[in-house]
1. Which number in (1) in a helix (DSSP H, G or I); (2) of a type in the set (Lys, Arg); (3) within 13 Å of the chain's Cα centre (by Cα) marks the one condition that residue 331 misses?
2. Can you pull out every residue in region 158-199 that is hydroxyl-bearing (Ser, Thr, Tyr) and either in a loop (DSSP other than H, G, I, E, B) or over 14 Å from residue 300 (Cα atoms) (or both)?
3. Of all residues in region 137-176, which are β-branched (Val, Ile, Thr) and modelled with pLDDT of 90 or more?
4. Among the residues of region 265-311 satisfying the criterion of being hydroxyl-bearing (Ser, Thr, Tyr) and farther than 25 Å from residue 175 by Cα, which is surrounded by the most Cβ atoms within 10 Å (Cβ to Cβ)?
5. Within region 16-39, is there a residue that is more than 19 Å from residue 82 (Cβ to Cβ), exposed (fewer than 15 other Cβ atoms within 10 Å of the Cβ) and among the hydroxyl-bearing types (Ser, Thr, Tyr)?
6. Looking at (1) assigned to a helix (DSSP H, G or I); (2) of a type outside the set (S, T, N, Q); (3) over 24 Å from residue 440 (Cβ atoms), which one does residue 203 not meet, given that it meets all the others?
7. Can you say whether residue 323 is outside the structural domain of residue 286 (by TED's automatic domain parsing), touching a residue at least 40 places away in the same chain (Cβ under 8 Å), surrounded by fewer than 20 Cβ atoms within 10 Å (Cβ to Cβ) and of a type outside the set (Phe, Trp, Tyr), as far as the supplied structure shows?
8. Condition first: part of a loop (DSSP other than H, G, I, E, B), at pLDDT 85 or above and buried (at least 17 other Cβ atoms within 10 Å of the Cβ). Now tell me which residues in region 40-72 satisfy that.
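The values are calculated or read from the model by the stated rules, or taken from the named source; none is laboratory data. Keep in mind that what you see is a predicted model, and the values were worked out from it rather than measured. With ideal geometry, Cβ positions are generated from the backbone for all residues, glycine too; neighbour counts draw on all protein chains shown.
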Amino acid sequence: YLVLEVKGGRITHDQQGWHSEDRHGQVHSIKDPGGQAQGQCRSIDNYLGTLTSYSNRPPFEWAVCFSDTEVNKQAKLLELPSAKILDAADLRSGNIQVWVDSILKRAKSRKDHQHYNSELFIRALAPALDLIPRLRDRMEDEALELVRLTERQKKLMQMVRLNSHIGIRGGAGTGKTMIAVERARRLSESGESVLLLCYSTSLARYISDQLERADVLTFHELCRTMAQRAKLPFEVPADHERQRIFWQSSVQYLLDKALELMPEQRWDHIIIDEGQDFPESWFTSILELKRNEDSSLWVLYDPNQQVYGGTRRDLATELDLTPCVLDENCRNTRNIGRRVGELISDCITIPPDAPEGDNVMLETCPDAEAMTECLRKNLHALIHTERISPTSIVVLSPRLPETSDIWLRKTFGNVTLRLMEEAPSTNTVRFSSLHRFKGLEADVVILCEVSPGSISCTNEHLYVGCSRARHKLIELHYDA
(Lines give C-alpha, C1' and ligand atoms only; values in the text may rest on other atoms or scores of the structure.)
Protein backbone atom coordinates (compact mmCIF):
# COMPACT_ATOMS: atom_id res chain seq x y z
CA TYR A 1 0.00 0.00 0.00
CA LEU A 2 0.99 3.61 -0.56
CA VAL A 3 0.67 6.45 1.94
CA LEU A 4 0.44 9.77 0.11
CA GLU A 5 0.81 13.10 1.94
CA VAL A 6 -0.93 15.81 -0.13
CA LYS A 7 -0.01 19.50 0.16
CA GLY A 8 -2.04 22.17 -1.63
CA GLY A 9 -1.06 25.76 -2.43
CA ARG A 10 2.37 26.95 -3.55
CA ILE A 11 5.00 24.91 -1.68
CA THR A 12 8.57 26.16 -1.10
CA HIS A 13 11.56 24.88 0.83
CA ASP A 14 14.57 26.75 2.26
CA GLN A 15 16.99 26.57 5.16
CA GLN A 16 14.17 27.40 7.58
CA GLY A 17 12.10 24.46 6.36
CA TRP A 18 8.88 23.99 4.40
CA HIS A 19 6.33 26.71 3.59
CA SER A 20 2.92 26.95 1.93
CA GLU A 21 1.45 30.06 0.31
CA ASP A 22 -2.36 30.23 0.28
CA ARG A 23 -4.56 31.93 -2.33
CA HIS A 24 -4.43 35.22 -0.41
CA GLY A 25 -0.64 35.34 -0.60
CA GLN A 26 -0.18 34.46 3.07
CA VAL A 27 2.86 32.24 3.75
CA HIS A 28 2.61 29.57 6.47
CA SER A 29 5.22 27.23 7.89
CA ILE A 30 4.28 23.57 7.45
CA LYS A 31 5.64 20.28 8.67
CA ASP A 32 8.07 18.21 6.62
CA PRO A 33 5.69 16.38 4.22
CA GLY A 34 8.06 13.45 3.79
CA GLY A 35 8.35 13.05 7.55
CA GLN A 36 4.56 13.14 7.89
CA ALA A 37 4.12 10.43 5.25
CA GLN A 38 6.71 8.19 6.90
CA GLY A 39 5.11 8.72 10.30
CA GLN A 40 1.73 7.64 8.95
CA CYS A 41 3.32 4.51 7.47
CA ARG A 42 4.75 3.57 10.84
CA SER A 43 1.41 4.24 12.56
CA ILE A 44 -0.48 1.99 10.15
CA ASP A 45 2.14 -0.76 10.36
CA ASN A 46 2.09 -0.61 14.17
CA TYR A 47 -1.71 -0.71 14.20
CA LEU A 48 -1.78 -3.77 11.96
CA GLY A 49 0.74 -5.36 14.30
CA THR A 50 -1.76 -5.08 17.18
CA LEU A 51 -4.35 -7.15 15.31
CA THR A 52 -4.10 -10.82 16.20
CA SER A 53 -5.41 -11.73 12.73
CA TYR A 54 -2.24 -10.35 11.10
CA SER A 55 0.70 -12.73 10.90
CA ASN A 56 2.24 -11.06 7.84
CA ARG A 57 1.73 -7.35 7.26
CA PRO A 58 1.61 -6.01 3.68
CA PRO A 59 4.53 -4.03 2.17
CA PHE A 60 4.19 -0.27 2.13
CA GLU A 61 5.75 2.82 0.61
CA TRP A 62 5.35 6.55 1.11
CA ALA A 63 5.32 9.58 -1.20
CA VAL A 64 4.30 13.25 -1.35
CA CYS A 65 1.92 15.07 -3.69
CA PHE A 66 2.22 18.82 -4.39
CA SER A 67 -1.05 19.31 -6.24
CA ASP A 68 -0.55 23.03 -7.05
CA THR A 69 3.24 23.20 -7.42
CA GLU A 70 5.68 22.07 -10.12
CA VAL A 71 8.92 20.75 -8.65
CA ASN A 72 12.37 20.87 -10.23
CA LYS A 73 13.10 17.19 -9.77
CA GLN A 74 16.71 17.69 -10.85
CA ALA A 75 17.39 19.55 -7.61
CA LYS A 76 18.16 17.03 -4.90
CA LEU A 77 16.50 17.29 -1.50
CA LEU A 78 18.17 15.04 1.06
CA GLU A 79 14.92 14.63 3.00
CA LEU A 80 12.64 14.14 -0.03
CA PRO A 81 13.82 12.06 -3.03
CA SER A 82 12.42 13.34 -6.34
CA ALA A 83 11.13 9.86 -7.23
CA LYS A 84 8.71 10.15 -4.33
CA ILE A 85 7.19 13.44 -5.49
CA LEU A 86 3.98 13.69 -7.49
CA ASP A 87 3.58 17.32 -8.60
CA ALA A 88 1.13 19.44 -10.61
CA ALA A 89 2.85 18.55 -13.91
CA ASP A 90 2.46 14.82 -13.19
CA LEU A 91 -1.22 15.30 -12.43
CA ARG A 92 -1.76 17.12 -15.73
CA SER A 93 0.09 14.45 -17.70
CA GLY A 94 -2.38 11.74 -16.71
CA ASN A 95 0.39 9.23 -15.97
CA ILE A 96 -0.51 8.83 -12.31
CA GLN A 97 -0.97 5.05 -12.52
CA VAL A 98 2.53 4.62 -13.99
CA TRP A 99 3.99 6.70 -11.16
CA VAL A 100 2.06 4.73 -8.47
CA ASP A 101 3.16 1.40 -9.97
CA SER A 102 6.80 2.49 -9.91
CA ILE A 103 6.56 3.47 -6.24
CA LEU A 104 4.87 0.21 -5.19
CA LYS A 105 7.31 -1.86 -7.25
CA ARG A 106 10.07 -0.80 -4.89
CA ALA A 107 7.95 -1.78 -1.89
CA LYS A 108 7.23 -5.21 -3.32
CA SER A 109 10.89 -5.81 -4.01
CA ARG A 110 11.76 -5.23 -0.34
CA LYS A 111 9.27 -7.60 1.26
CA ASP A 112 7.49 -10.85 0.45
CA HIS A 113 4.01 -9.81 -0.60
CA GLN A 114 2.57 -13.18 -1.56
CA HIS A 115 1.18 -14.20 1.82
CA TYR A 116 -0.72 -11.24 3.23
CA ASN A 117 -4.52 -11.04 3.10
CA SER A 118 -5.51 -7.93 1.13
CA GLU A 119 -9.20 -8.23 2.10
CA LEU A 120 -8.25 -8.36 5.76
CA PHE A 121 -6.11 -5.26 5.27
CA ILE A 122 -9.00 -3.35 3.67
CA ARG A 123 -11.41 -4.34 6.46
CA ALA A 124 -8.88 -3.24 9.08
CA LEU A 125 -8.42 0.27 7.63
CA ALA A 126 -11.91 0.78 6.21
CA PRO A 127 -14.34 -1.34 8.28
CA ALA A 128 -17.98 -1.54 7.27
CA LEU A 129 -20.00 0.78 9.49
CA ASP A 130 -23.46 0.07 10.85
CA LEU A 131 -24.62 3.61 11.49
CA ILE A 132 -27.08 3.31 14.38
CA PRO A 133 -29.11 6.45 15.09
CA ARG A 134 -29.23 7.73 18.65
CA LEU A 135 -31.91 6.35 20.92
CA ARG A 136 -33.63 9.75 20.96
CA ASP A 137 -34.10 9.64 17.17
CA ARG A 138 -35.17 5.99 17.21
CA MET A 139 -37.74 6.78 19.88
CA GLU A 140 -39.34 9.44 17.69
CA ASP A 141 -39.80 6.94 14.85
CA GLU A 142 -41.12 4.26 17.21
CA ALA A 143 -43.61 6.71 18.75
CA LEU A 144 -45.22 7.29 15.35
CA GLU A 145 -45.70 3.54 14.92
CA LEU A 146 -47.17 3.13 18.41
CA VAL A 147 -49.60 6.01 17.78
CA ARG A 148 -50.92 4.10 14.78
CA LEU A 149 -51.54 1.10 17.02
CA THR A 150 -53.63 3.11 19.49
CA GLU A 151 -56.09 3.83 16.69
CA ARG A 152 -57.16 0.18 16.99
CA GLN A 153 -58.12 0.74 20.62
CA LYS A 154 -60.20 3.76 19.60
CA LYS A 155 -62.03 1.64 17.04
CA LEU A 156 -62.76 -0.94 19.73
CA MET A 157 -64.22 1.79 21.93
CA GLN A 158 -66.51 2.82 19.09
CA MET A 159 -67.80 -0.75 18.90
CA VAL A 160 -68.69 -0.98 22.61
CA ARG A 161 -69.71 2.63 23.26
CA LEU A 162 -73.44 1.78 23.42
CA ASN A 163 -72.89 -0.89 26.07
CA SER A 164 -73.59 0.76 29.42
CA HIS A 165 -72.21 -1.96 31.71
CA ILE A 166 -68.94 -3.44 30.56
CA GLY A 167 -65.87 -5.01 32.13
CA ILE A 168 -62.76 -4.46 30.02
CA ARG A 169 -59.90 -6.79 30.86
CA GLY A 170 -56.52 -6.07 29.34
CA GLY A 171 -52.84 -6.51 30.03
CA ALA A 172 -50.37 -3.70 30.59
CA GLY A 173 -50.02 -1.47 27.54
CA THR A 174 -53.25 -2.57 25.86
CA GLY A 175 -54.81 0.90 26.14
CA LYS A 176 -57.14 0.62 29.15
CA THR A 177 -56.38 4.07 30.56
CA MET A 178 -56.56 5.61 27.09
CA ILE A 179 -60.04 4.14 26.63
CA ALA A 180 -61.12 5.32 30.09
CA VAL A 181 -59.93 8.87 29.39
CA GLU A 182 -61.48 9.00 25.93
CA ARG A 183 -64.87 7.77 27.18
CA ALA A 184 -64.82 10.27 30.05
CA ARG A 185 -63.95 13.09 27.67
CA ARG A 186 -66.73 12.32 25.20
CA LEU A 187 -69.42 11.90 27.84
CA SER A 188 -68.43 14.97 29.87
CA GLU A 189 -68.21 17.17 26.77
CA SER A 190 -71.77 16.14 25.89
CA GLY A 191 -72.92 17.68 29.18
CA GLU A 192 -73.30 14.52 31.28
CA SER A 193 -71.71 14.08 34.70
CA VAL A 194 -68.80 11.63 34.81
CA LEU A 195 -66.88 10.17 37.75
CA LEU A 196 -63.59 8.45 36.90
CA LEU A 197 -62.08 6.51 39.80
CA CYS A 198 -58.66 4.88 40.09
CA TYR A 199 -56.48 3.54 42.89
CA SER A 200 -53.21 5.40 42.39
CA THR A 201 -52.86 9.08 43.31
CA SER A 202 -50.25 9.54 40.58
CA LEU A 203 -52.53 8.07 37.93
CA ALA A 204 -55.46 10.20 39.12
CA ARG A 205 -53.33 13.33 38.80
CA TYR A 206 -52.18 12.29 35.32
CA ILE A 207 -55.74 11.65 34.10
CA SER A 208 -57.10 14.80 35.72
CA ASP A 209 -54.64 16.90 33.73
CA GLN A 210 -56.23 15.57 30.52
CA LEU A 211 -59.88 16.10 31.45
CA GLU A 212 -61.55 19.44 32.14
CA ARG A 213 -65.11 18.47 33.04
CA ALA A 214 -65.01 14.97 34.50
CA ASP A 215 -64.43 14.33 38.21
CA VAL A 216 -61.21 12.31 38.55
CA LEU A 217 -60.47 10.93 42.02
CA THR A 218 -58.99 7.99 43.85
CA PHE A 219 -61.50 6.06 45.95
CA HIS A 220 -60.04 7.52 49.14
CA GLU A 221 -60.20 11.05 47.71
CA LEU A 222 -63.84 10.42 46.81
CA CYS A 223 -64.58 9.38 50.40
CA ARG A 224 -62.87 12.49 51.76
CA THR A 225 -64.64 14.81 49.30
CA MET A 226 -68.09 13.36 49.95
CA ALA A 227 -67.61 13.38 53.75
CA GLN A 228 -66.53 17.02 53.71
CA ARG A 229 -69.49 18.00 51.51
CA ALA A 230 -71.82 16.26 53.97
CA LYS A 231 -69.99 18.03 56.84
CA LEU A 232 -68.94 14.72 58.37
CA PRO A 233 -65.72 14.58 60.41
CA PHE A 234 -62.83 13.20 58.37
CA GLU A 235 -59.94 12.83 60.81
CA VAL A 236 -57.02 10.55 59.95
CA PRO A 237 -55.63 8.92 63.13
CA ALA A 238 -51.97 9.48 63.99
CA ASP A 239 -51.41 5.91 65.17
CA HIS A 240 -50.17 3.70 62.33
CA GLU A 241 -52.43 0.70 63.04
CA ARG A 242 -55.54 2.83 63.56
CA GLN A 243 -54.64 4.73 60.41
CA ARG A 244 -54.55 1.46 58.44
CA ILE A 245 -58.01 0.50 59.71
CA PHE A 246 -59.31 3.99 58.94
CA TRP A 247 -58.29 3.81 55.28
CA GLN A 248 -59.46 0.21 54.89
CA SER A 249 -62.97 0.51 56.31
CA SER A 250 -63.81 3.76 58.10
CA VAL A 251 -63.59 5.90 54.96
CA GLN A 252 -66.12 3.68 53.20
CA TYR A 253 -68.52 4.05 56.13
CA LEU A 254 -68.19 7.84 55.81
CA LEU A 255 -68.90 7.60 52.07
CA ASP A 256 -72.05 5.55 52.67
CA LYS A 257 -73.20 8.01 55.33
CA ALA A 258 -72.57 10.96 53.01
CA LEU A 259 -74.63 9.29 50.26
CA GLU A 260 -77.55 8.96 52.69
CA LEU A 261 -77.32 12.65 53.58
CA MET A 262 -76.87 13.84 49.98
CA PRO A 263 -79.10 11.80 47.63
CA GLU A 264 -78.52 14.41 44.91
CA GLN A 265 -74.77 13.64 44.76
CA ARG A 266 -74.80 11.06 41.97
CA TRP A 267 -73.23 10.70 38.52
CA ASP A 268 -74.60 9.78 35.10
CA HIS A 269 -71.56 7.67 34.26
CA ILE A 270 -68.94 5.92 36.37
CA ILE A 271 -65.61 4.71 34.98
CA ILE A 272 -63.12 2.74 37.06
CA ASP A 273 -59.51 2.25 36.01
CA GLU A 274 -57.19 -0.11 37.95
CA GLY A 275 -60.31 -2.03 38.99
CA GLN A 276 -58.26 -5.04 40.12
CA ASP A 277 -57.02 -2.99 43.10
CA PHE A 278 -60.53 -2.19 44.37
CA PRO A 279 -61.67 -4.55 47.17
CA GLU A 280 -65.01 -6.24 46.56
CA SER A 281 -66.64 -4.22 49.36
CA TRP A 282 -65.87 -0.91 47.64
CA PHE A 283 -68.09 -1.78 44.69
CA THR A 284 -71.12 -1.93 46.99
CA SER A 285 -70.70 1.78 47.68
CA ILE A 286 -69.67 2.62 44.11
CA LEU A 287 -72.89 1.19 42.68
CA GLU A 288 -74.80 3.62 44.92
CA LEU A 289 -73.07 6.51 43.11
CA LYS A 290 -75.10 5.87 39.93
CA ARG A 291 -77.80 8.46 39.31
CA ASN A 292 -80.34 5.94 38.04
CA GLU A 293 -80.69 2.58 36.29
CA ASP A 294 -79.62 4.11 32.98
CA SER A 295 -76.31 5.30 34.42
CA SER A 296 -73.37 3.40 32.95
CA LEU A 297 -70.54 1.54 34.68
CA TRP A 298 -67.30 0.72 32.89
CA VAL A 299 -64.61 -1.16 34.82
CA LEU A 300 -61.14 -1.60 33.33
CA TYR A 301 -58.78 -4.04 35.01
CA ASP A 302 -55.74 -6.29 34.74
CA PRO A 303 -55.63 -9.23 37.20
CA ASN A 304 -51.87 -9.55 36.64
CA GLN A 305 -51.27 -6.11 38.17
CA GLN A 306 -52.81 -6.99 41.53
CA VAL A 307 -49.73 -6.13 43.59
CA TYR A 308 -51.55 -5.09 46.77
CA GLY A 309 -52.43 -8.64 47.79
CA GLY A 310 -55.62 -10.64 47.44
CA THR A 311 -56.62 -13.21 44.86
CA ARG A 312 -57.04 -12.62 41.16
CA ARG A 313 -60.61 -11.79 40.26
CA ASP A 314 -62.65 -11.68 37.10
CA LEU A 315 -64.47 -8.41 37.70
CA ALA A 316 -66.73 -8.77 34.66
CA THR A 317 -68.23 -11.92 36.19
CA GLU A 318 -68.17 -10.59 39.75
CA LEU A 319 -70.10 -7.41 38.83
CA ASP A 320 -72.27 -8.99 36.12
CA LEU A 321 -70.75 -6.84 33.37
CA THR A 322 -70.47 -7.58 29.67
CA PRO A 323 -66.91 -8.90 29.24
CA CYS A 324 -64.49 -7.39 26.75
CA VAL A 325 -60.84 -8.35 26.29
CA LEU A 326 -57.96 -6.16 25.12
CA ASP A 327 -55.10 -8.42 24.07
CA GLU A 328 -52.96 -6.21 21.83
CA ASN A 329 -50.04 -4.30 23.32
CA CYS A 330 -49.94 -0.75 21.94
CA ARG A 331 -47.45 0.79 24.40
CA ASN A 332 -44.24 -1.21 24.28
CA THR A 333 -41.79 -2.02 21.52
CA ARG A 334 -41.63 -5.67 20.52
CA ASN A 335 -38.53 -6.37 22.61
CA ILE A 336 -40.08 -4.87 25.75
CA GLY A 337 -43.37 -6.61 25.00
CA ARG A 338 -41.63 -9.97 24.84
CA ARG A 339 -39.96 -9.35 28.20
CA VAL A 340 -43.32 -8.38 29.74
CA GLY A 341 -44.92 -11.51 28.27
CA GLU A 342 -42.32 -13.72 29.98
CA LEU A 343 -43.56 -12.58 33.39
CA ILE A 344 -47.26 -13.49 33.14
CA SER A 345 -49.38 -16.41 32.01
CA ASP A 346 -51.89 -14.36 29.99
CA CYS A 347 -51.36 -14.06 26.27
CA ILE A 348 -50.78 -10.49 25.07
CA THR A 349 -50.35 -10.09 21.34
CA ILE A 350 -47.52 -7.97 20.01
CA PRO A 351 -48.75 -6.55 16.69
CA PRO A 352 -46.52 -7.43 13.72
CA ASP A 353 -46.20 -3.76 12.79
CA ALA A 354 -45.02 -2.71 16.26
CA PRO A 355 -41.46 -1.28 16.28
CA GLU A 356 -38.74 -3.77 17.27
CA GLY A 357 -36.96 -1.32 19.59
CA ASP A 358 -33.76 -1.75 21.61
CA ASN A 359 -32.94 -4.97 23.41
CA VAL A 360 -33.86 -5.03 27.09
CA MET A 361 -30.73 -4.51 29.20
CA LEU A 362 -30.32 -6.59 32.37
CA GLU A 363 -27.34 -6.01 34.65
CA THR A 364 -26.57 -7.67 37.99
CA CYS A 365 -24.85 -5.97 40.92
CA PRO A 366 -23.27 -7.57 44.01
CA ASP A 367 -24.18 -4.80 46.46
CA ALA A 368 -25.74 -1.36 46.94
CA GLU A 369 -22.54 0.48 46.02
CA ALA A 370 -22.30 -1.36 42.70
CA MET A 371 -26.01 -0.73 42.10
CA THR A 372 -25.62 3.05 42.51
CA GLU A 373 -22.55 3.10 40.24
CA CYS A 374 -24.38 1.07 37.59
CA LEU A 375 -27.30 3.51 37.72
CA ARG A 376 -24.91 6.47 37.41
CA LYS A 377 -23.28 5.03 34.27
CA ASN A 378 -26.63 4.28 32.65
CA LEU A 379 -28.01 7.75 33.37
CA HIS A 380 -24.84 9.33 31.97
CA ALA A 381 -25.05 7.24 28.77
CA LEU A 382 -28.74 7.98 28.24
CA ILE A 383 -28.51 11.74 28.80
CA HIS A 384 -25.08 12.59 27.41
CA THR A 385 -24.52 9.93 24.72
CA GLU A 386 -28.05 9.09 23.57
CA ARG A 387 -29.25 12.68 24.17
CA ILE A 388 -32.40 11.60 25.99
CA SER A 389 -34.16 14.37 27.91
CA PRO A 390 -34.07 13.71 31.68
CA THR A 391 -37.84 14.29 31.73
CA SER A 392 -38.28 11.20 29.51
CA ILE A 393 -36.58 8.92 32.05
CA VAL A 394 -37.98 7.40 35.24
CA VAL A 395 -36.10 5.36 37.84
CA LEU A 396 -38.37 2.78 39.50
CA SER A 397 -37.74 0.70 42.59
CA PRO A 398 -39.79 -1.98 44.37
CA ARG A 399 -38.83 -0.14 47.57
CA LEU A 400 -40.39 2.94 49.13
CA PRO A 401 -38.19 6.06 48.99
CA GLU A 402 -37.37 5.92 52.71
CA THR A 403 -35.94 2.38 52.36
CA SER A 404 -34.28 2.80 48.96
CA ASP A 405 -30.48 3.09 48.80
CA ILE A 406 -30.91 4.72 45.39
CA TRP A 407 -33.21 7.45 46.71
CA LEU A 408 -31.02 8.06 49.76
CA ARG A 409 -28.06 8.59 47.40
CA LYS A 410 -30.13 10.94 45.16
CA THR A 411 -27.20 12.44 43.20
CA PHE A 412 -25.50 10.51 40.39
CA GLY A 413 -22.82 12.56 38.68
CA ASN A 414 -24.58 15.73 37.53
CA VAL A 415 -28.03 14.08 37.66
CA THR A 416 -30.31 14.36 40.70
CA LEU A 417 -33.38 12.26 41.42
CA ARG A 418 -36.70 13.90 42.29
CA LEU A 419 -40.01 12.50 43.48
CA MET A 420 -42.99 12.37 41.14
CA GLU A 421 -44.80 15.27 42.78
CA GLU A 422 -41.77 17.57 42.69
CA ALA A 423 -41.45 20.08 39.87
CA PRO A 424 -38.86 19.23 37.20
CA SER A 425 -35.64 21.22 37.07
CA THR A 426 -32.37 21.03 35.15
CA ASN A 427 -30.77 17.57 35.14
CA THR A 428 -33.38 15.97 37.39
CA VAL A 429 -34.86 12.52 36.76
CA ARG A 430 -38.07 11.18 38.28
CA PHE A 431 -37.90 8.51 40.98
CA SER A 432 -40.85 6.42 42.13
CA SER A 433 -41.77 3.16 43.74
CA LEU A 434 -43.25 0.89 41.09
CA HIS A 435 -46.51 0.80 43.10
CA ARG A 436 -46.97 4.56 42.77
CA PHE A 437 -46.07 4.51 39.08
CA LYS A 438 -48.60 1.80 38.24
CA GLY A 439 -50.85 2.95 35.42
CA LEU A 440 -48.29 5.47 34.14
CA GLU A 441 -45.58 5.13 31.49
CA ALA A 442 -42.29 6.68 30.39
CA ASP A 443 -40.09 6.59 27.31
CA VAL A 444 -37.19 5.12 29.30
CA VAL A 445 -37.53 3.06 32.49
CA ILE A 446 -34.65 1.98 34.72
CA LEU A 447 -36.00 -0.64 37.12
CA CYS A 448 -33.43 -0.92 39.89
CA GLU A 449 -32.92 -2.60 43.28
CA VAL A 450 -34.58 -5.79 42.06
CA SER A 451 -33.95 -8.67 44.49
CA PRO A 452 -35.00 -11.84 42.63
CA GLY A 453 -37.25 -14.10 44.69
CA SER A 454 -38.10 -11.51 47.35
CA ILE A 455 -41.69 -10.80 48.35
CA SER A 456 -41.52 -7.33 46.76
CA CYS A 457 -40.07 -8.60 43.48
CA THR A 458 -42.54 -11.23 42.34
CA ASN A 459 -43.33 -11.69 38.67
CA GLU A 460 -46.38 -9.46 39.20
CA HIS A 461 -44.17 -6.65 40.53
CA LEU A 462 -41.67 -7.01 37.68
CA TYR A 463 -44.55 -7.15 35.19
CA VAL A 464 -45.85 -3.81 36.47
CA GLY A 465 -42.40 -2.20 36.44
CA CYS A 466 -41.19 -3.49 33.07
CA SER A 467 -44.44 -2.69 31.26
CA ARG A 468 -44.11 1.03 32.11
CA ALA A 469 -41.36 1.45 29.46
CA ARG A 470 -42.35 2.58 25.99
CA HIS A 471 -38.98 2.52 24.20
CA LYS A 472 -36.11 1.54 26.50
CA LEU A 473 -36.02 -0.81 29.50
CA ILE A 474 -33.00 -1.30 31.76
CA GLU A 475 -33.22 -3.75 34.67
CA LEU A 476 -30.68 -3.59 37.49
CA HIS A 477 -30.84 -6.71 39.66
CA TYR A 478 -28.97 -7.75 42.76
CA ASP A 479 -27.18 -11.09 42.49
CA ALA A 480 -29.66 -13.83 43.35
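1. (1)
2. We begin by selecting, within region 158-199, every residue hydroxyl-bearing (Ser, Thr, Tyr); these are 164, 174, 177, 188, 190, 193, 199.
The answer is 164, 174, 188, 190, 193, 199.
3. Across region 137-176, the qualifying residues are 166, 168.
4. Going residue by residue through region 265-311, those that are hydroxyl-bearing (Ser, Thr, Tyr) are 281, 284-285, 295-296, 301, 308, 311.
Adding the requirement that they be farther than 25 Å from residue 175 by Cα leaves 281, 284-285.
On the way: 281: 11, 284: 11, 285: 19.
Only one residue fits best here, namely 285.
5. Scanning region 16-39 turns up at least one residue that is more than 19 Å from residue 82 (Cβ to Cβ), exposed (fewer than 15 other Cβ atoms within 10 Å of the Cβ) and among the hydroxyl-bearing types (Ser, Thr, Tyr).
6. If we test residue 203 against (1) assigned to a helix (DSSP H, G or I); (2) of a type outside the set (S, T, N, Q); (3) over 24 Å from residue 440 (Cβ atoms), just (3) comes out false.
7. Numbers: outside the structural domain of residue 286 (by TED's automatic domain parsing): no; touching a residue at least 40 places away in the same chain (Cβ under 8 Å): yes; surrounded by fewer than 20 Cβ atoms within 10 Å (Cβ to Cβ): yes; of a type outside the set (Phe, Trp, Tyr): yes.
So residue 323 fails the test.
8. Within region 40-72, the subset part of a loop (DSSP other than H, G, I, E, B) is 51-60, 67-72.
After this cut, where a residue has to be at pLDDT 85 or above as well, the list is 67-71.
Across region 40-72, the qualifying residues are 69, 71.
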